[in-house]
Amino acid sequence: MDRYPMTPEGFRRLEIELKKLREFDRPANVKAIEEAREHGDLKENAEYKFAKEQQSLIAGRLEYLEDRISRAEVIDPSKLKGDRVLFGAKVTVANPDTDEEHEYRIVGEDESDVDNGLLSISSPLARGLIGKEAGDKVTISTPSGPRHFEVVDVEF
């Protein structure tokens, strides 16, 4: 059984979303289905069809969240240290071609948000950075060709 690494914050977000789906969204959906049934012919009832589609989406998301939470491996970056890039590390990388620097935190798949500097552990860049330390150079294959980076700093 695969485990899914995530930070404590990411784990809490999944738990909050699961609770919201169970306690608010699903009961509201059941009520919407009941109200739509009262409107008559179900074959031509757009409200009913929409509510049933929502029911399916909610059920799928509930199943996904329950699975992720049950197989979560919560890793607290504040308890880690070292010079090498690991899950939870804050990594500053530079593009030697443009001298641009970017700072990323390596997080779980469900937490990633590149625009906010949260890089999924399964992304090509994160996979290339794992195990590296400041001063190391990394080449990442992308659809537009290889991209080169240098690890500037690693923090926890």
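Just the residues that are over 14 Å from the mean Cα position of the chain (by Cα) and aliphatic (A, V, I, L, M), please, taken from the stretch 61-104.
Within the stretch 61-104, Leu62, Ile75, Leu80, Val85, Leu86, Ala89, Val91, Val93, Ala94 qualify.
If we scan the stretch 66-82, do we find a residue that is in a strand (DSSP E or B), at pLDDT below 95 and surrounded by 13 or more Cβ atoms within 10 Å (Cβ to Cβ)?
No, the stretch 66-82 contains no residue that is in a strand (DSSP E or B), at pLDDT below 95 and surrounded by 13 or more Cβ atoms within 10 Å (Cβ to Cβ).
Does the stretch 2-11 contain any residue that is among the charged types (D, E, K, R), under 19 Å from Ile121 (Cα atoms) and not in a helix (DSSP H, G or I)?
Among the residues of the stretch 2-11, at least one is among the charged types (D, E, K, R), under 19 Å from Ile121 (Cα atoms) and not in a helix (DSSP H, G or I), which makes the answer yes.
Listed here are the residues, each with its yes/no results for (1) surrounded by 16 or more Cβ atoms within 10 Å (Cβ to Cβ); (2) more than 24 Å from Pro5 (Cα to Cα); (3) at pLDDT 95 or above; (4) not assigned by TED's automatic domain parsing to the domain that holds Ser70.
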| residue | (1), (2), (3), (4) |
| --- | --- |
| Asp110 | yes, no, no, yes |
| Glu133 | no, no, no, yes |
| Pro143 | no, yes, no, yes |
| Pro146 | no, yes, no, yes |
| Phe149 | yes, yes, no, yes |
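Against the conditions (1) in contact with a Gly (Cβ under 8 Å, 6 or more places away or on another chain); (2) closer than 25 Å to Leu18 by Cα, where does Thr139 fall short? Just the number, please.
Evaluating Thr139 over (1) in contact with a Gly (Cβ under 8 Å, 6 or more places away or on another chain); (2) closer than 25 Å to Leu18 by Cα leaves (2) as the failure.
For (1) modelled with pLDDT under 95; (2) assigned by TED's automatic domain parsing to the domain that holds Asp136; (3) surrounded by 13 or more Cβ atoms within 10 Å (Cβ to Cβ); (4) within 30 Å of Val151 (Cβ to Cβ), each residue gets a yes or a no:
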site	(1), (2), (3), (4)
Asn45	yes, no, yes, no
Lys49	yes, no, yes, no
Gln54	no, no, yes, no
Tyr64	no, no, yes, no
Val91	no, yes, yes, yes
Asp97	yes, yes, no, yes
Glu100	yes, yes, no, yes
Val107	no, yes, yes, yes
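The values are calculated or read from the model by the stated rules, or taken from the named source; none is laboratory data. As the structure is a computational prediction, the values presented were derived from the model and not from experiment. Positions of Cβ are generated from backbone atoms using ideal geometry, with glycine treated the same way; all protein chains shown enter the neighbour counts.
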